[in-house]
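Take a look at the structure set out below.
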Amino acid sequence: MAPQSSPTVKRRRLAAELRHYRDAAGLTIDDVAERLEWSSAKISRIENSRVSVLPRDVKFLLGVYGLTDADEAWNVMLTLARESRERGWWHQYGDAVPDWFEVYVGLEADAASIDAYDAEFVPGLIQTEDYARAITRAKLSDVTEDDLARIVGVRMKRQDLLTATDGPHVWFVINEAVLRRLVGGRAVMRRQLERLLEVADLPRVQLQIVPFEAGAHPSMDGSFSILAFPESRDPQVVYTEYLTGALYLEKPSDTDRYRLVVDHLRATAAGMDASRALIAGIAGQLDDP
């Protein structure tokens, strides 16, 4: 079974609701900080979902915003606070999931749709275990065998989403360079390409390749993912990685721009059938001599 409802998303929803009630009360962060004798930074971190919140602190905040335990929202908010502090399935893998990526795994677990463009390597959700090992070794040359096993274990567990009954709709757009880069040797790469063909037949997965012959395209700056959620009040998130961390973009101006890029990429990429043919053709070139 896929990981169920993520505490990460619940923490974001709680943060958004607390901002809403503060705004409805006509209070600034500084006003609330003064009344509760907290730092403004603490309230800001809560409202930006950077920290989990004790149910006790939620009661204090709601009291300042004029709510009481007679209000329906009171119990809803306290339930969110408790559930947002639960540990996600990925915690069993320890520090194999760095803090900056832990947020993504939590968001991914609750997403209704994921739209991704990958420029350099096969997306983690559709990597084979051997490919995942090879790509991880290349990125982390000093990784130990134990750490490697945990990192790859997380990646394989995430893939449960693709076949879960309530999993997200996923649309992958992949650069042709990813198919031609020989990661792990010919046999490993051939099996990885076969895996792409298998994934392309899953009912909630679409896969396109941007061929070299397409020339310049709208996302030559790099890879990214857009996650959308079942609840309309949970804003979309654009995720993009850099060497030691990641960016999470939620402003509508940012997410709208990336949505436009996705639309252009899909128009630029080969169609579904042509993409399968391209993958199969490159896989055939990796047959043993």
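Mean sequence separation of contacting Cα pairs (under 8 Å, at least six apart), scaled by the length of the stretch 6-61, corresponds to a relative contact order of 40 percent. Compared with the dominant Cα axis of the chain, that is its longest principal axis, helix 145-158 is turned about 80°.
Shape verdict for the stretch 100-224, please, from the Cα gyration tensor: rounded (a/c under 1.5), prolate (a/b greater than b/c) or oblate. Taking the square roots of the gyration eigenvalues as a ≥ b ≥ c, the stretch 100-224 is rounded. For Y65, the accessible surface of its heavy atoms amounts to roughly 20 Å² (probe 1.4 Å, protein chains only, rounded to the nearest 10). Taking the Cα centre of the chain as reference, the dipole from Cβ charges on Lys and Arg (+1) and Asp and Glu (-1) amounts to some 180 debye.
Diagonalising the gyration tensor over the Cα atoms of the stretch 181-278 and scaling each eigenvalue by 5 before taking the square root yields semi-axes of 27, 17, 16 Å, largest first.
In the context of the full set of protein chains, residues of the stretch 169-289 present 53 Å² of accessible surface per residue (probe radius 1.4 Å, heavy atoms only). When both bridge partners sit in the chain, DSSP labels roughly 50% of those beta bridges antiparallel.
Here the accessible area is traced with a 1.4 Å probe on the protein chains. For the chain, carbon and sulfur cover 49 percent of it. Per residue, the accessible area of the stretch 1-87 comes to 55 Å², computed with a 1.4 Å probe over protein heavy atoms only.
Straight-line cross-link reach from K157 at under 25 Å between alpha-carbon atoms covers these lysines, not counting any fewer than eight positions away in the same chain: K10, K139. Looking at the stretch 140-238, the GluC sites (Glu not before Pro) that sit in a DSSP loop and have at most 15 other Cβ atoms within 10 Å of their own Cβ are E231. Across the stretch 63-70, coupling constants 3J(HN,Hα) worked out from phi with the 6.51/-1.76/1.60 Karplus curve, θ = phi - 60°, read x, 5, 7, x, 9, 10, 6, 7 Hz, and Gly and Pro carry x.
Amide H contacts of Q206 (H built 1.01 Å from N, in plane; Pro and chain starts excluded): V170, W171, F172 sit under 5 Å, all sequence-distant by 5 or more or on other chains.
Anisotropy class assigned to the stretch 88-163 is oblate, per the alpha carbon gyration tensor with a/c at or over the 1.5 cut-off and a/b no larger than b/c. Just to confirm my numbers, what's the Cα centroid distance between the stretch 154-202 and the stretch 218-277 in Å? The stretch 154-202 and the stretch 218-277 have Cα centres separated by 17 Å. Output the 0 to 90 degree angle, nearest 10, between the alpha-carbon long axis of helix 252-268 and the longest principal axis computed from the alpha carbons of the chain. With both axes taken from Cα atoms, the answer is about 20 degrees. When a/c is below 1.5 the answer is rounded, else prolate if a/b is larger than b/c, else oblate, so apply that to the stretch 20-164 with a ≥ b ≥ c taken from the square roots of the Cα gyration tensor eigenvalues. Prolate, since a/c reaches 1.5 and a/b exceeds b/c. Each residue of the stretch 216-229 was assigned a 3J(HN,Hα) from its phi angle through the Karplus curve 6.51 cos²θ - 1.76 cosθ + 1.60 (θ = phi - 60°); the sequence is 5, 9, x, 10, 6, 7, x, 7, 6, 9, 10, 10, 10, 10 Hz, with glycine and proline shown as x. Note the angle between two axes, namely the Cα long axis of helix 272-284 and the longest principal axis of the Cα atoms of the chain, as a number of degrees from 0 to 90, rounded to the nearest 10. For 272-284 against the chain, the angle is about 50 degrees. By the helix-only formula, in which each DSSP H run with n ≥ 4 contributes -39500 (n - 2.57) and the sum is divided by residues, the chain has a 222 nm mean residue ellipticity of -15500 deg cm²/dmol. Across the stretch 1-152, the relative contact order, built from alpha-carbon pairs under 8 Å that are at least six residues apart, equals 30 percent.
The values are calculated or read from the model by the stated rules, or taken from the named source; none is laboratory data. If you're wondering where the values come from, they're calculated on a predicted model, not measured in any experiment. All Cβ positions, even for glycine, are placed from backbone atoms using ideal geometry, and neighbour counts span all protein chains on display. SASA here: full protein model, heavy atoms, side chains in, ligands and nucleic acids out. Shrake-Rupley method; radii C 1.70, N 1.55, O 1.52, S 1.80 Å.
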